[in-house]
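Just so you know, all these numbers are worked out from the coordinates, no wet-lab data involved. Computed from a predicted model, the values in this text were never measured in an experiment. Note that each Cβ is placed from the backbone with ideal geometry, even for glycine, and that neighbours are counted across all protein chains shown.
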């Protein structure tokens, strides 16, 4: 098994200013999405300008940060927030929810779509393939912070944490939600499937991957009943991911039932 290296979460600190790996991962994620979006915007018939991609990333970043933090507090740490309301602002301490971030991004994209006069799914279909690299970067940030470990294991790829071998669940998510989902969506979207299909594939793919990894991830103990919320085995991550799976299936069914052409 592999000893966990205990990486310092702070890259460099100058007085009260600290640059952290977790924040850098978010910047890398936004940068990757911006680069991929501009690359796809340059393709013939994309219907997007590089300037619009710049604005799109700005709106998306606001949605991720605000929605991710608020979602984490509401879904995972509401009791602590009641005791310490300023906890909401201390993003550098970690604690971001994908599902909250997703809701924040959807609201931000809806607002940007109204500004551009574009349909909601025309925007989400374009955005979905460039999101996974940011998800993967965020999970690597979790690994550096030494958080969100998996359950005990004796597998050779497990990491020894405080003398106990554990599944590196955050690295599983980085691989599945970051790399594998990116490859699937990038290649699938290049085929110009009907509108809503790429959005549906993202929801279904992420939901399935997250739901599966939750089986080896340590549930959030502070949520009560050893972290399980339903049937004695469903975690908060699974409870929040199940609707995504259903929405993904529904969107794909509607997309191929209506076969509305993809937005130019």
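Somewhere in region 131-138, is a residue closer than 20 Å to residue 235 by Cβ and touching a strand residue (DSSP E or B) at 6+ places or on another chain (Cβ under 8 Å)? Checked region 131-138: no residue is closer than 20 Å to residue 235 by Cβ and touching a strand residue (DSSP E or B) at 6+ places or on another chain (Cβ under 8 Å). Entry remark, region 39-56: residues being free of Cβ contacts under 8 Å to residues at least 40 places away in the same chain and crowded, with 19+ Cβ neighbours inside 10 Å number 1 in total. The set of residues from region 97-117 being outside any helix (DSSP H, G or I) and touching a helix residue (DSSP H, G or I) at 6+ places or on another chain (Cβ under 8 Å) comprises just one member, 97.
Of all the numbered requirements in (1) in contact with a helix residue (DSSP H, G or I) (Cβ under 8 Å, 6 or more places away or on another chain); (2) surrounded by fewer than 20 Cβ atoms within 10 Å (Cβ to Cβ); (3) more than 30 Å from residue 123 (Cα to Cα), residue 32 misses one, and that requirement is (3). The set of residues from region 195-221 being farther than 14 Å from residue 248 by Cα and not in a helix (DSSP H, G or I) comprises 214, 215, 216, 217, 218, 219, 220.
For residues that are in contact with a helix residue (DSSP H, G or I) (Cβ under 7 Å, 6 or more places away or on another chain) and assigned to a loop (DSSP other than H, G, I, E, B), scanning just region 149-169, find the one that is surrounded by the fewest Cβ atoms within 10 Å (Cβ to Cβ). Residue satisfying both the conditions and the ranking: 149.
Could you tell me which residue of region 171-207 is farthest from the chain's Cα centre (by Cα), considering only residues that are without any contact (Cβ under 8 Å) to a residue 40 or more places away in the chain and buried (at least 18 other Cβ atoms within 10 Å of the Cβ)? Out of the qualifying residues, it is 171.
Here 32, 18 are screened, and the one residue that is in contact (Cβ under 8 Å) with a residue 40 or more places away in the chain and part of a strand (DSSP E or B) is 18. From the list 109, 135, the one residue that fits, being in contact (Cβ under 8 Å) with a residue 60 or more places away in the chain and either more than 20 Å from the chain's Cα centre (by Cα) or crowded, with 16+ Cβ neighbours inside 10 Å (or both), is 135.
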